[in-house]
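The values are calculated or read from the model by the stated rules, or taken from the named source; none is laboratory data. What you are looking at is a predicted structure, and each value in this text was computed from that prediction instead of being measured. We place every Cβ from the backbone using ideal geometry, glycine too, and count neighbours over all the protein chains shown. With ligands, DNA and RNA removed, areas are computed over all heavy atoms of the protein, side chains included. Shrake-Rupley method; radii C 1.70, N 1.55, O 1.52, S 1.80 Å.
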Amino acid sequence: MKKVILLLSLLCNSNVNAEAIEVLHWWTAKGELEAQRILEKMLLEQNIEWNNFAIVGEGGESAVRVLQLRALSGNPPDAAQIKGPDIGEWAKIGMLEEIKQITDTSLWQQKLPQIVRESVTFDGEYMAVPVNVHRVNWLWLNKAIFDKLDLPVPATWDSFFAVADKIKAAGYIPLAHGGSVWQDASLFESVALSILGGEKYKQAFVEHNEAVLTSPEMIRVFKLFKRLHKYTDSNMLGKDWHEASQLISDNKAAMQFMGDWAKGMWHAQGKQPMVDYICTDVPESKGLFSYNIDSFVFFEKNSSAAHQKTQTVFAEMLLSEKFQVAFNLAKGSIPVTNAIEIGQFDSCAQKSFADFNNAELVPSFTSNLASTSHLRNIMIKIISNYFNNPDADAQRTVKSLSLAIRAINK
Ligand code: BGC
């Protein structure tokens, strides 16, 4: 009997007729993986098979490179995790499907906040489907260490450095930080937003205003950024962000500056916000929110009815309430649609949601939301070299950064 039931269930669930969709992404860390599996499972419920094209690590730099190779050789995947101005680069060369050909976008105006819509629009047309809103400028604290050492939540940089010194003296790692280019630059971005404020941050990293890029305030940003180096652990050189977040889970490190995908990882480990860790604003950043919006593009490659149907189901599922809730709970982000009851999310997500709707919003340049990855990759290398070279000079670095930006934008 058991055998018969097994056979029947195999037949019912068999996906012999399932359409497959190959998707490139870099969600490979714990938390990211859970979120990706939710997506995979919900697609399978609609008889669509997820063909995993995952490239590990570091905010997607390698994934974007591999995608370029695949696309240039005439064999792009069906869909890819591309965001911000890079969407325009792919659209310009005519490789992307317009989203209105795939799904009815007439309600997006009501359904999605303007910033979200803008992030997926090129030349007046939607060219990608948004899935979530991550906040980048968070400071995470390990609650056990903060309680044990009786430390205040640092709201200013003075208080941050005082707290970091006490943590170091007590034998813990003050700052969980993997030594890699993208993480160095993300840390820089949080410092820059805090010191410059929203307006000047945008002038520098969105408009590339040379006066702001080389201003005394920018030099201050670089100098403060460099002071953080001695609170990191040299054993973490070359480690990915989630290995740094693991130091928080293991009560080895006390603080981490990181986007809220780190919360996704702690969620997967069963850790609770405000019980195991605290989420707070980066010092002196109250009312400022640097956003990172993930989205999927579809490559124009197959006009068969079955393929079109797969794209439509995929796109529509991404914006469904069921998916938005389950995926974002796992991913650590907040939904892209306004209509979702945020009360069912944790307190950090609720803070993120309130700030997203009320704070001053700036695009995260290290997450590719402010410029193409071509420019961003050069900027983050200059920033990281400065962080890791004890002899590097802030004044000279701001000049190199602004020169590099000018050269690329020419
Ligand atoms: C992506 C996030 C991802 C993070 C770390 C960012 O660029 O937008 O979705 O979790 O990289 O992998």
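Residues considered: Val66, Val275, Val131. Largest GNM mean-square fluctuation over the chain, using C-alpha springs under 10 Å, is found at Val275. For segment 193-239, pairs of C-alpha atoms spaced more than 12 angstrom apart make up 66 percent of the total. With the whole protein complex present, Cys279 retains an accessible surface near 10 Å², based on a 1.4 Å probe. For segment 273-410, the alpha carbon convex hull comes to 180 Å³ per residue, rounded to a whole number. Remark: segment 333-346, residue by residue, has Karplus-estimated 3J(HN,Hα) of 9, 10, x, 8, 9, 6, 6, 8, 5, 6, x, 7, 9, 6 Hz, where x stands for each Gly or Pro and the curve is 6.51 cos²θ - 1.76 cosθ + 1.60 at θ = phi - 60°.
Projecting the Cα positions of Ala268, Ser333, Ser352 onto the charge dipole of the chain (unit charges on Cβ atoms of Lys, Arg, Asp and Glu, taken about the Cα centre) puts Ala268 furthest along the positive direction.
Cross-link partners for Lys252 among the aspartates and glutamates, with Cα-Cα distance under 19 Å and sequence neighbours closer than 8 places in the same chain left out: Asp147, Asp150, Asp165, Asp233, Asp240, Glu243, Asp276.
Bins of 5 Å, beginning at zero and ending with the bin holding the largest distance: percent of Cα pairs per bin for segment 20-165, please. Reading upward from the zero bin: 2, 7, 13, 16, 16, 14, 9, 7, 6, 6, 3, 0.
For segment 156-223, the residue among Tyr201, Phe188, Leu213 whose Cα projects farthest onto the positive side of the dipole built from Cβ charges is Phe188. For segment 242-291, just list the percent of Cα-Cα distances falling in each 10 Å bin from zero outward, please. Histogram of Cα-Cα distances, whole percents per bin: 23, 56, 20, 0. Any idea how far the Cα center of segment 361-410 sits from the one of segment 254-327, in Å? A separation of 26 Å, based on Cα centres. Across the chain, the relative contact order, built from alpha-carbon pairs under 8 Å that are at least six residues apart, equals 27 percent. Applying the criteria of a DSSP loop state and at most 16 other Cβ atoms within 10 Å to the GluC sites (Glu not before Pro) of segment 229-305 yields Glu300.
When the alpha-carbon atoms of segment 98-207 are used, the pair Rg, Dmax equals 20.1, 60 angstrom. Once the Cα atoms are used to define both axes, helix 2-13 deviates from the longest principal axis of the chain by about 80 degrees.
Cross-link partners of Lys351 among lysines, defined as those whose alpha carbon lies under 20 angstrom from its own and excluding same-chain residues fewer than eight positions apart: Lys143, Lys263, Lys271, Lys286, Lys331.
Coordinate range of the alpha-carbon atoms in the chain per principal axis, descending: 66, 57, 38 Å. Here segment 223-336 is assigned +1 on the Cβ of each Lys and Arg and -1 on the Cβ of each Asp and Glu. Its dipole about the Cα centre then comes out at about 300 debye.
With each run of n ≥ 4 DSSP H residues scored as -39500 (n - 2.57), what mean residue ellipticity at 222 nm is computed for the chain after dividing by its residue count and rounding to the nearest 500 deg cm²/dmol?
Rounded to the nearest 500, the figure is -15000 deg cm²/dmol.
Given a cut-off of 22 Å, name the pairs among Lys223/Lys410; Lys226/Lys410; Lys226/Lys381; Lys41/Lys301 whose C-alpha atoms lie farther apart than that in the structure shown.
Working: Lys223/Lys410 29 Å; Lys226/Lys410 30 Å; Lys226/Lys381 15 Å; Lys41/Lys301 24 Å.
From the list (Lys223/Lys410; Lys226/Lys410; Lys226/Lys381; Lys41/Lys301), the Cα-Cα distance tops 22 Å for Lys223/Lys410; Lys226/Lys410; Lys41/Lys301.
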